[in-house]
Structure formats: structure tokens, C-alpha cells
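A quick write-up on the structure given underneath.
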Amino acid sequence: MAKKFFVDRIEEDTVFCEGDDGEEIKFDLSAVEGRVLEGDVVFRDETGNIKTDLDATLLRKKKISNLKKCIYNTKK
């Protein structure tokens, strides 16, 4: 199974990512198949191409949204 990374930031033409284990990688924006945005989940497929995992990205954003709701609701 391909290791997944979260896009931390994009500076000019460089994409900076971090894995669950803290491993950091960077690569050229042109290496990504399709569109990539900060916060997206990306992986390198078996042919070496970097792709966005849309399902994992949506799930991650939903989890973050739910965490924010919990934080703001408990501070009332």
C-alpha cells in the first residue's frame, strides 16, 4: 500500500508534505497528476506518479471540521 502524505504548504512550484510519522518530503508541483491544494492527502502510486487521494482528503477535512466544532462548543 502506498504511503500517504498531507500537503502542508505550496511555495511557488514546490509542494511540502508531511506523513503521519512526521516524515517530510517535498516535490515539484509539476510532478502531481491533476490539482493539489494545501491540506490534501497525496500518495505515490505504483508507477511513481504523485496523485491526490480525494476520498482520504474529504475524510480528513471532515474530521478536522468535527474537531473544531468540539473545541468551540466546549469553550462556551
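Where a number appears in this text, it was derived from the coordinates with a stated rule and is not lab data. Keep in mind that what you see is a predicted model, and the values were worked out from it rather than measured. Note: ideal-geometry Cβ built from the backbone for every residue, glycine included; neighbour counts use all protein chains shown.
Some points to look at:
- 0 to 90° range, to nearest 10: angle between helix 54-74 axis and the chain longest Cα axis: 20
- Bridges between two residues of the range 4-74, per DSSP, are antiparallel at a rate of about 90%.
- Relative contact order of the range 4-74: 24 percent, from C-alpha pairs under 8 Å at least 6 residues apart in sequence.
- Positive-end residue, the chain charge dipole about Cα centroid, Cβ charges, pick of 6, 50, 32: 6
- Candidates 53, 21, 45: whichever shows maximal mean-square fluctuation once the chain is modelled as a Gaussian network with Cα springs under 10 Å: 21
- J(HN,Hα) series, the range 16-28, from Karplus relation 6.51 cos²θ - 1.76 cosθ + 1.60, nearest Hz, glycine and proline x: 9, 10, 9, x, 4, 8, x, 4, 10, 9, 9, 7, 6
- For the chain: span of alpha carbons on each principal axis (Å, largest first): 48, 29, 23
- Less than 5 angstrom separates the built amide H of residue 53 from those of 41, 42, 43, all sequence-distant by 5 or more or on a different chain.
- Rounded FRET efficiency, nearest 0.05, which uses the C-beta distance separating residue 68 from residue 35 and R0 of 25 Å: 0.55
- Each Lys and Arg Cβ is given +1 and each Asp and Glu Cβ -1; about its Cα centre, the chain then shows a dipole of about 880 debye.
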